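Here is the structure we will look at, set down as structure tokens.
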There are 2 protein chains.
Amino acid sequence: MCHIEATQEKAVRAPAGVSKPPRKFAGVVIITTGLPARGKSQLAHSLARRLNWNGESAKVMRVSDYRRKRLEPYASHELFRPDHEANVALRALAQRDAMQDCATWLASGNTVAILDATVVTREQRTEVHDYFSAQLGYRVLFVECVCEDGKTLESNYREILRHSLDYAGMDAAKAAEDLRLKIAHYQKTHQPMDEAEGYPCIRVNTATMEIRACKVNGHVETSVLGYLASVSLKPHTLYFSRHGESEFNVLGKIGGDAVLSARGERYAQALAAKINSMHIPELRVLTSRLRRTIATARGIEAAQEHVAALNELYAGVCEGLSYEEMQEQYPQEFAWRDQDKLRYRYPWGESYVDTMKRVEPVIVDLQQAHNVLVVSHQAILRCIIGYFLDKTPEELPYMEVPLHTIIRISSQGFNYKLEFIKLGIECVNTTRLKPQNCSASRTADDALITVPAHYDIPDPWRNPGTGPTLVQQH
Amino acid sequence: MCHIEATQEKAVRAPAGVSKPPRKFAGVVIITTGLPARGKSQLAHSLARRLNWNGESAKVMRVSDYRRKRLEPYASHELFRPDHEANVALRALAQRDAMQDCATWLASGNTVAILDATVVTREQRTEVHDYFSAQLGYRVLFVECVCEDGKTLESNYREILRHSLDYAGMDAAKAAEDLRLKIAHYQKTHQPMDEAEGYPCIRVNTATMEIRACKVNGHVETSVLGYLASVSLKPHTLYFSRHGESEFNVLGKIGGDAVLSARGERYAQALAAKINSMHIPELRVLTSRLRRTIATARGIEAAQEHVAALNELYAGVCEGLSYEEMQEQYPQEFAWRDQDKLRYRYPWGESYVDTMKRVEPVIVDLQQAHNVLVVSHQAILRCIIGYFLDKTPEELPYMEVPLHTIIRISSQGFNYKLEFIKLGIECVNTTRLKPQNCSASRTADDALITVPAHYDIPDPWRNPGTGPTLVQQH
């Protein structure tokens, strides 16, 4: 997990006399197959998100996007008639475009290309497989999406009609009929995958989430098998909040297990009042196991679970220090952190990359959950919310997750909508921006220039009798 | 990945009026089910190994071990007759013992208990499920092993007759007949798992490795699904070698991309001669992408792949330094590393924990591979070989993996046999033992006391004209 980078493996060298070499560590092409509205695109995007989270470099090439590049605007289902030669050819070209971009993606040193396609016939699957496997030497995995459940299909249709670019602006009834006819065209030629085809394949029933895997091996492919089981295609909404302002926040200290400040307690009350008034059905609350999140969630009327994976990024030897103290005691570490906040790990502590891994069990839970409120900490919520918003790892450490604010995300197809609900309780600002000078030889002033204002308890031995004073760097 | 520790989650607190709380982050019990000789124990141990590698704390409780504790020595298949009341009761007690140890394991803060059982009837499965789920509130996952393939079964029988404690010392023909009758007893009551039972279940066909999953969710369970796909039950042998002595080894420097020393080149020749003379069928060679491993494997007649995941642990700012230089330039880091070599990460570099994660794709490949030679580096081979030998993470950084030695591991049931084949080419010792004094305030002499002897190139500006000199700390 240290290097978040593409690792292109060197081509296999086979001495004379040794036949076709294995390419166990070559790139992987994942190809979705199945009728429209079976959840392929959503699975593809969920997979890419999770693979990227785990250090792969994955990208979805969606054939319908390439088709729209070649032909816009979308006219009607006629485009999908299997007996219309020109349209069949056009769609084949779009698929070729997507396949070529998959190949370019892997040739550039990335590790996983996801071809979001229908490839509903055996012939199409053989063609795609042979292009990537026999011609280019990549490993291929098919993910077949099946669904015969009327209720699930109805829900999928609604999501497509709401979010597909093809139907933007089209009359609702006309769009629904068009989608029906489009699927009917595909059904005429559809051949479900068959073991006899002999390709590595995972079949997902997207209604029951029953999963079947044949000939699946390799690290990426077996990971994908697990990832597929933790996807849900149902629309869902999640809520997040940082703990209320803590006594350490007030003093500008990081880490620790401080209790809430008076203002933090007021936020806890406001949060409970707000959430309780929303009457969210079957709400579940997850908090960290630190006092400030448990206290923040205390008044919320819902089942609560305290999860260590939600504890704040652990700052090791710097736990409980202010930035000023960190600069004084560990100037080298402080500079290193500024140079690469994502990968920097506190001595005996964690990095953002470490916490990305640590919160994964919670992410897996949230992927399949609806109406959960997570009360946690700045770094941890950056990771979790960043996951659903497809942030790159580099963006995570600088995401805005303000105190005293409810954050709501709601699925929209395979994307998420983000909303901030500020509760209007005053608090300190805890966000230290990246300073311009990150060199280890910088002055203390340069290192501390972006530290937000906070209070300071003066050293009682040096200044007996004085109270807290406001520290502001400039 | 920072904390390799059990994280026991706090019990769920449900306010009045809220019904049975969810326990999404409680422990998980994995229960194997199926007839004898279907590969259950091997799957169970492979799962435990992989889960522990990934930061869980998993343990297998094998019902047959508990049965042997209650009744030794094993007499005959009569023990398994379903119509022999006393024997049925005895086996039920053994299963209870194992279940109680599972419960104790989880109650002690561990995360996964694996009950290696047969539970071939619905009634048995219901009883086990209810004990862990309804009574104790843990999450339960069944792993059903099925196999109807005669050839695979014959191979499984042979492995059982060779390694099972029940058959140690028994006449071979008698033992084979006894195993056959034991399985026949189980077949009389066996009810394969049925979706109608409604439990989360993964069914593995251990002949085809076809996998089917129903109602599997949660982070551990979905990970297990992926892990199961990357297990192989076939006996296999793997070979390992560090690169030949490098010019950096001679100088006592760490990391870098040095070429082989003259003695290292001699080892490369000897290695190729030895491996080629062994005529290992379908041998594959994996090396890192550093010059010293590629050069070491150069003469071996087999397909070779150069894999970045096999590169040496990256020492960041300390790459290319000798231990003496590290002590001089980064005494604090040097002491921290000695305090916890497993978790210590070099600034901008890696820790052992990082490399454990990084080599996992290679481990997945090797788990299913036979006759592969891995030519890599000290830290990396410690991790990979340690994985198969069930070393704890804490043991890895101090495992002995000497230069100029072929290491062979061969599966023996679910364990591995380890052999060293020394090729008798002289080389420096590169293993620095943990010094007694690991304090950051220690003297340089104390810090360097365990540095093995190596040559030193004197600073040509200070001592012009002198050649390399042997440095020995004491």
Quiz prompt | Shielding score for B:297-310, defined as the mean number of other chain Cβ atoms within 10 Å | solution = 5
Practice problem: At a Cα cut-off below 21 Å, give the lysines reachable from B:Lys422, other chains included and same-chain residues fewer than 8 away excluded. | Solution: B:Lys274
Self-check item: Average beta-carbon neighbours from other chains, 10 Å sphere, peptide B:345-351
Solution: 4
Quiz item: Antiparallel DSSP bridges in the protein assembly as shown: what percent, to the nearest 5?
Solution: 40 percent
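Can you give the net charge of the other residues whose Cβ lies under 15 Å from the Cβ of A:Ala447, counting K and R as +1 and D and E as -1? Don't skip to the answer; put the middle values down first.
Values: positive: A:Arg337, A:Lys341, A:Arg432, A:Lys434, A:Arg442; negative: A:Glu324, A:Glu325, A:Glu328, A:Glu333, A:Asp338, A:Asp445, A:Asp446.
So the environment of A:Ala447 carries a net charge of -2.
Please give the total accessible area that chains B and A bury against each other, computed with a 1.4 Å probe and expressed in Å² to the nearest 100.
Working: alone 22800 and 22780 Å², together 39730 Å².
Result for this pair: about 5800 Å² buried.
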Quiz item: Could the peptides B:148-158, B:30-40, A:199-209 be put in order, highest first, of the mean number of other beta-carbon atoms found within 10 Å of their residues?
Solution: B:30-40, A:199-209, B:148-158
Exercise. Please list the non-local residues whose amide H lies under 5 Å from the amide H of B:Leu313, H modeled 1.01 Å from N, same-chain partners needing a gap of 5 or more.
Key: B:Ala379, B:Ile380
Quiz item: What percent does the relative contact order of segment B:237-449 come to when contacts are Cα pairs within less than 8 Å and at least six residues apart?
Solution: 29 percent
Quiz prompt | Partners for A:Lys234 among aspartates and glutamates (Cα-Cα distance below 17 Å; same-chain residues under 8 apart left out) | solution = A:Glu148, A:Asp149, A:Glu154, A:Glu159, A:Glu210, A:Glu282, A:Asp365
Self-check item: Straight-distance crosslink candidates among lysines, where the alpha carbon sits under 19 Å from B:Lys341 and sequence neighbours closer than 8 are dropped
Solution: B:Lys253, B:Lys357, B:Lys391, B:Lys434
Practice problem: Across segment A:28-228, how many lysine pairs, 8 or more positions apart or on different chains, have C-alpha atoms separated by under 24 Å? Please give the number. | Solution: 16
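For peptide B:358-371, compute the average count of partner chain beta-carbon atoms within 10 Å of each residue's beta-carbon.
Average neighbour count from other chains, rounded to a whole number: 3.
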Quiz item: Taking θ as phi - 60°, what are the ³J(HN,Hα) couplings along segment B:69-86 by the Karplus curve (6.51, -1.76, 1.60), each to the nearest whole Hz, with x for Gly and Pro?
Solution: 5, 7, 9, 9, x, 5, 9, 6, 4, 3, 4, 9, 5, x, 9, 9, 4, 4
Quiz item: If the label for B:Ser108 sits 7 angstrom from Cα along the Cα-to-Cβ line, what are its distances to the same label in every other copy, in nm to one decimal, shortest first?
Solution: 5.1
Quiz prompt | Local net charge near A:Ile254, Cβ-Cβ under 10 Å (Lys/Arg +1, Asp/Glu -1) | solution = -1
Exercise. Using the Karplus curve 6.51 cos²θ - 1.76 cosθ + 1.60 with θ = phi - 60°, work out ³J(HN,Hα) for each residue of segment A:435-450 in order, rounded to whole Hz, and write x for Gly and Pro.
Key: x, 5, 9, 10, 6, 5, 9, 5, 7, 4, 4, 5, 5, 9, 4, 9
Quiz item: How big is the Kirkwood radius of chain B, worked out from every pair of different alpha carbons and given in Å to one decimal?
Solution: 25.1 Å
Quiz item: Name the chain B residue with the Cβ nearest the axis that maps B onto A: which is it, and what is the distance in angstrom?
Solution: B:Gly226, 2
Quiz item: Between B:Glu195 and B:Glu72, what FRET efficiency follows from the Cβ-Cβ distance if R0 is 41 Å, with the result rounded to 0.05?
Solution: 0.55
Quiz item: Any idea what angle helix A:172-189 forms with the longest principal axis of chain A, computed on alpha-carbon atoms, 0 to 90 degrees, nearest 10?
Solution: 50 degrees
Quiz item: Tally Lys/Arg at +1 and Asp/Glu at -1 over every other residue whose Cβ is under 12 Å from the Cβ of B:Asn429; what's the total?
Solution: -2
Quiz item: Given label points at 7 Å from Cα along Cα→Cβ, what nm distances, shortest first, separate B:Ala262 from the same residue in every other copy?
Solution: 8.1
Quiz item: Which residues' amide hydrogens lie under 5 Å from the amide hydrogen of B:Val146, considering only partners 5 or more residues apart or on another chain, with H built in the peptide plane?
Solution: B:Val204, B:Asn205, B:Thr206
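As a check on your grasp of the helix formula, calculate [θ] at 222 nm for chain A: sum -39500 (n - 2.57) over DSSP H runs of n ≥ 4, divide by the residue count, round to the nearest 500. Don't jump to the answer; show the numbers that get you there.
Details: 16 runs with 173 residues, N = 474.
Per the formula, -11000 deg cm²/dmol.
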Exercise. List every residue whose amide H lies under 5 Å from the amide H of B:Leu321, counting only residues 5 or more places away in sequence or on a different chain, with H placed 1.01 Å from N in the peptide plane.
Key: B:Ile254
Quiz item: Put the label 7 Å from Cα along Cα→Cβ for B:Lys174; what are its distances to the other copies, in nanometres, shortest first?
Solution: 8.7
Quiz item: Each residue of segment B:206-212 in turn: what ³J(HN,Hα) in whole Hz from Karplus with 6.51, -1.76, 1.60 and θ = phi - 60°, glycine and Pro shown as x?
Solution: 6, 8, 9, 6, 6, 10, 10
Quiz item: For segment A:237-449, what is the accessible area per residue in Å² when the probe is 1.4 Å?
Solution: 36 Å²
Practice problem: Would you work out what percent of the accessible area of the protein assembly as shown, with all protein chains in place, is carbon or sulfur (probe 1.4 Å)? | Solution: 50 percent
Quiz item: Stokes-Einstein D for segment B:157-246 at 37 °C, 0.692 mPa s, Kirkwood Rh over Cα pairs, in µm²/s?
Solution: 191 µm²/s
Quiz item: What's the center-to-center distance, using Cα atoms, between segment A:347-374 and segment B:374-439 in Å?
Solution: 34 Å
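The values are calculated or read from the model by the stated rules, or taken from the named source; none is laboratory data. Model, not experiment: these values are computed from the prediction. A quick note on method: Cβ atoms are made from the backbone with ideal geometry, for glycine too, and the neighbour counts reach across all protein chains shown. Each accessible area value is taken on the protein alone, full model and side chains, heavy atoms only, with ligands, DNA and RNA left out. Shrake-Rupley method; radii C 1.70, N 1.55, O 1.52, S 1.80 Å.
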